[in-house]
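One structure, pasted below without further comment.
Just so it is clear, none of the values below were taken in a lab; they were calculated from the coordinates. Every value quoted in this text rests on a predicted model; they were computed, and no experiment measured them. Ideal geometry is used to build each Cβ from the backbone, glycine not excepted, and the neighbour counts take in all protein chains shown.
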Amino acid sequence: MIMRRVFKWLSSILSVLFYTALITVGLLVISTALSGGKPELFGYQIKTVLSGSMEPGIQTGSIIIIESVTEEEKNSLIPGDVITFLEDQNTLITHRITEVNQTDNNVLYTTKGDNNNAIDRNPVLAENIVGLYTGITIPMVGYAVSFLQSPQGIILCLIIPGILMLGYSIFNIWRVMRSVEKQMKPESAE
């Protein structure tokens, strides 16, 4: 009797966790689609670090959290700020601002990786800045994120949850069928 209650309670908790995870993933997918492939939550984005240019502070394979900045904020950054910017259409870089130059039309930022010997070749236009590094780094998680974004990782993310959902459904069907069978059995007369 007690085991049945514990099992029912545990089953309810697992169901809530499972459906919460499904809803969260669904919302993340919708958010990503609406933001043009850049998932953002409360103005923050997670980025994976693929090089050692900012070591030892930001290690290769880490994930960092950056805060989105407004157009006004993009023009008021100062030396020492760590920014994530678009070098070209597909390449994001996170480096430290070393110098700020104001032109007639734009603000240009000279940047440098903390682990690099020289400043970056091209100055960064304020309009190319994606966000400001918040100082939050989670080491080694970037390797897992990169794997999950690969074709093998995507397959893994689809197959494992699918198998778990199928197993959970089969278990629930079996449990209901067993309950129905018990109710349908005639009680033995003594």
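Can you give the extra length, in nm with one decimal, that the chain gains between L156 and I2 once fully stretched, where that is 0.36 nm per residue apart less the Cα-Cα distance? Walk me through the intermediate numbers first.
On the way: separation 154, 0.36 × 154 = 55.44 nm, distance 3.73 nm.
Stretched fully, the L156-I2 segment lengthens by 51.7 nm.
What FRET efficiency, computed as 1/(1 + (r/R0)^6) with R0 = 22 Å and r the Cβ-Cβ distance, is obtained for I138 and D81, rounded to the nearest 0.05? Mind showing how you got there, number by number?
On the way: r = 21 Å, r/R0 = 0.93.
About 0.60, to the nearest 0.05.
Same structure, new question: Let me spell out the model: positive unit charges on the Cβ of Lys and Arg, negative unit charges on the Cβ of Asp and Glu, origin at the Cα centre of segment 49-139. What dipole size does that give, in debye rounded to 20? Display every interim value, and only then the final one.
On the way: 4 positive and 13 negative charges, 59 e Å.
It comes to approximately 280 debye.
Go through segment 150-161 residue by residue and turn each phi into a ³J(HN,Hα) via Karplus (6.51, -1.76, 1.60, θ = phi - 60°); whole Hz please, and just put x for glycine and proline.
Couplings: 7, x, 5, x, 5, 4, 4, 5, 8, 6, 4, x Hz.
List the residues, sorted by chain then number, that are 5 or more residues from V107 or on another chain and whose placed amide H is less than 5 Å from its amide H.
A126
List V176, V49, V107 from most exposed to least, where exposure is judged by having the fewest other Cβ atoms within 10 Å.
Details: V176 10, V49 22, V107 18.
Result, fewest neighbours first: V176, V107, V49.
Mind giving me the nanometre distance, one decimal, between the label points for L50 and E73, set 7 Å out from Cα along Cα→Cβ?
That separation, rounded to one decimal, is 2.5 nm.
Count charges around L10 for me, please; just the other residues with Cβ under 14 Å from its Cβ, Lys/Arg as +1, Asp/Glu as -1.
Working: positive: R4, R5, K8, R175; negative: none.
Charge balance near L10 sits at +4.
Lysines within cross-link reach of K112: Cα-Cα under 25 Å, excluding same-chain residues under 8 positions apart?
Straight-distance partners of K112: K38, K47, K74.
Which whole number of Å³ per residue matches the convex hull of the alpha-carbon atoms in the chain? Before the final figure, lay out the partial values.
On the way: hull volume 30.9 nm³, N = 190.
Roughly 163 Å³ of hull volume per residue.
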